[in-house]
Amino acid sequence: MNLSSFLGLLGTFIGLVRALPQLMGLLRAKKAWGVSVDTAATSAVVSFGWAAYGLLTHQPYVALATGASAIVFLMVTIFAVRFGRSLRELKIAPVWFCVLIVAALTKSEQGLGILLPVSVLAANLPQLRVAYKEDDLSDLSLGTWLLSMSDGLVWGAYSLICHDMAIMVFAFFQMTTSGLIVSLKLMHRAKLHRRTFLALREKL
């Protein structure tokens, strides 16, 4: 097995599992504080787009990983709405769905190759906004976004070996936006620990 195949398999595995911590967290807590339904829905749309791109460019690892991820993100969307998020949050997802459909129909893999790298910004920015503006991020999965950072790292290495600029740009944006979301989650966790510590000290 060569390095590109290994990275493809590793990326496929991460793609299969990266959204699962968020899904399991929603099912366990039955709440969706701090979870952006627009990011979940747009991530599903973008992942289906990457799956199509993988099929069109004969990259089965890309198609399998992103196709599986799309299904899980779709389930995250459904349960996030069921557990308290509003469908009115869906602003980018329907627009980006139409954009990718038009790109795929008009220019096939070339159109998708141009739009998909920046699609991760469309997918992740709503979650970044929610993480920045909302006070309660208790149901936002740290595990999912750490895996998303790893996803960007692995596919970035894969793109360097396979000389695929579309995947390379995607990987960069994935790592940076996911890293910012992780940072906000950790800051929120630290703030909660500080509040708990101060509350306990006052009782003493």
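The values are calculated or read from the model by the stated rules, or taken from the named source; none is laboratory data. Just so it is clear, the structure is predicted and the values come from calculations on it, not from any experiment. Positions of Cβ are backbone-derived with ideal geometry, glycine not excepted, and every protein chain shown enters the neighbour counts.
The figures follow:
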item: Criterion (modelled with pLDDT under 90, assigned to a helix (DSSP H, G or I) and either over 20 Å from Ser47 (Cβ atoms) or within 14 Å of the chain's Cα centre (by Cα) (or both)) met by exactly one of Ala103, Ala199, Ala166, Ala131; result: Ala199
item: Selected residue (criterion: nearest to Gly11 (Cα to Cα)) from residues of segment 146-204 that are out of contact with any Ser or Thr (no Cβ under 6 Å at 6 or more places or on another chain) and among the β-branched types (Val, Ile, Thr); result: Val154
item: Positions within segment 160-174 being under 19 Å from Gly49 (Cα atoms) and of a type in the set (A, V, I, L, M, F, W, C), in sequence order; result: Met165, Ala166, Ile167, Met168, Val169, Phe170, Ala171, Phe172, Phe173
item: Condition check for Gly34: of a type in the set (Gly, Ala, Ser), part of a helix (DSSP H, G or I) and either more than 21 Å from Leu105 (Cα to Cα) or modelled with pLDDT under 85 (or both); result: no
item: Every residue from segment 20-31 that is within 16 Å of His188 (Cβ to Cβ) and in a loop (DSSP other than H, G, I, E, B); result: Lys31
item: Unique match (being at pLDDT below 95, under 17 Å from the mean Cα position of the chain (by Cα) and surrounded by 22 or more Cβ atoms within 10 Å (Cβ to Cβ)) among Ala41, Ala63, Ala93, Ala68; result: Ala93
item: Close pairs from segment 1-28: first farther than 17 Å from Asp151 by Cβ, partner surrounded by 14 or more Cβ atoms within 10 Å (Cβ to Cβ) and among the acidic types (Asp, Glu), Cβ under 8 Å, at least 6 apart; result: Gly25/Asp139; Leu26/Asp139
item: Of all residues making up segment 150-204, the number that are in contact with a Lys or Arg (Cβ under 9 Å, 6 or more places away or on another chain) and of a type in the set (Asp, Glu); result: 1
item: One residue from Val154, Val120, Val182 being under 28 Å from Ala29 (Cβ atoms), in contact with a helix residue (DSSP H, G or I) (Cβ under 8 Å, 6 or more places away or on another chain) and surrounded by 20 or more Cβ atoms within 10 Å (Cβ to Cβ); result: Val120
item: Test result for Gly84, free of Cβ contacts under 8 Å to residues at least 60 places away in the same chain and under 24 Å from Met187 (Cα atoms); result: yes
